[in-house]
Amino acid sequence: MAIPTPVIMDDVGISIGKTDQALDLIDLSCSGNHVELTPDTALTTLDTFCGSVDYPGNTKWSLVATFYQSFDVGAVEEVLSAAVAFGGPVLYEITPFKSQAVGPTNPTFSGMCVPQPYAPINGDAGDASTVEIEWALTAPPTKAVALAAREGASGTSKK
């Protein structure tokens, strides 16, 4: 058996839309420091005279990311503040290896997230300011392993 290739988080692509249009999907990879797609499944516990049983409930997904703040044109503040101002779900896309072609060993994860207000400046003396977001997804992330399938499924395209 071959040794699996680990995903080392040094070539990750993360793009977030200013709106729900594919043309507004902006690559923020070079400002990103952390990204995750997180499921949270609520449990319902039923306690009876014979013991307790946990039943899974609904799963809610979130896009969690940390960026180094930048006020440059087309950078973090412009993209995130426009997404929040849009007032509805916007596109996101994450690729483990942005410098490689999309395929079975390099899928994309995409969908719609719901922007929420964030702290636009944050940090300590002498440190870089960071922006942390945790935005709810409207549905579980879509995993695609081919460019054509991704464009057809989500209406997004790589810039």
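Going by the conditions given, is Ala65 touching a residue at least 60 places away in the same chain (Cβ under 8 Å), of a type outside the set (S, T, N, Q) and farther than 22 Å from Thr142 by Cα? Criteria not met by Ala65.
If the condition is being within 16 Å of Cys113 (Cβ to Cβ), assigned to a loop (DSSP other than H, G, I, E, B) and either in contact with a strand residue (DSSP E or B) (Cβ under 6 Å, 6 or more places away or on another chain) or basic (Lys, Arg) (or both), then region 34-90 contributes only Pro89.
Would you say Glu78 is modelled with pLDDT of 95 or more, acidic (Asp, Glu) and buried (at least 19 other Cβ atoms within 10 Å of the Cβ)? So Glu78 fails the test.
For the structure I just gave you, tell me whether Asp27 is free of Cβ contacts under 8 Å to residues at least 12 places away in the same chain and either out of contact with any Pro (no Cβ under 8 Å at 6 or more places or on another chain) or surrounded by 13 or more Cβ atoms within 10 Å (Cβ to Cβ) (or both). Taking the combined requirement at face value, the residue does not satisfy it.
If only residues of region 45-73 that are surrounded by 10 or more Cβ atoms within 10 Å (Cβ to Cβ) and of a type in the set (Ser, Thr, Tyr) are counted, the one that is farthest from Val12 (Cα to Cα) is Thr59. Scanning region 55-75 for residues that are charged (D, E, K, R) and either modelled with pLDDT under 95 or in contact with a Gly (Cβ under 7 Å, 6 or more places away or on another chain) (or both) gives no hits. Among the residues of region 1-33, which ones are farther than 20 Å from Lys143 by Cβ, not aliphatic (A, V, I, L, M) and not in a loop (DSSP other than H, G, I, E, B)? Correct list: Asp24, Cys30, Ser31, Asn33. For beta carbons closer than 9 Å, sequence separation of 6+ or different chains, a first residue in region 89-108 that is under 14 Å from Thr142 (Cβ atoms) and in contact (Cβ under 8 Å) with a residue 24 or more places away in the chain and a second that is assigned to a loop (DSSP other than H, G, I, E, B) and basic (Lys, Arg), the qualifying pairs are Glu93/Lys158; Thr95/Lys158; Val102/Lys158; Thr108/Lys158. Scanning region 30-44 for residues that are surrounded by fewer than 16 Cβ atoms within 10 Å (Cβ to Cβ) and either of a type in the set (D, E, K, R) or within 15 Å of the chain's Cα centre (by Cα) (or both) gives Cys30, Asn33, His34, Glu36, Thr38, Pro39, Asp40. Close Cβ contacts (under 7 Å, 6 or more residues apart or on different chains) running from residues in region 30-44 that are small (Gly, Ala, Ser) to residues that are at pLDDT below 95 comprise Ala42/Gly57; Ala42/Asn58.
The values are calculated or read from the model by the stated rules, or taken from the named source; none is laboratory data. Since the model is a prediction, treat every value here as computed from it, not as a measurement. No Cβ is skipped: glycine too gets one built from the backbone with ideal geometry, and neighbour counts run over all protein chains shown.
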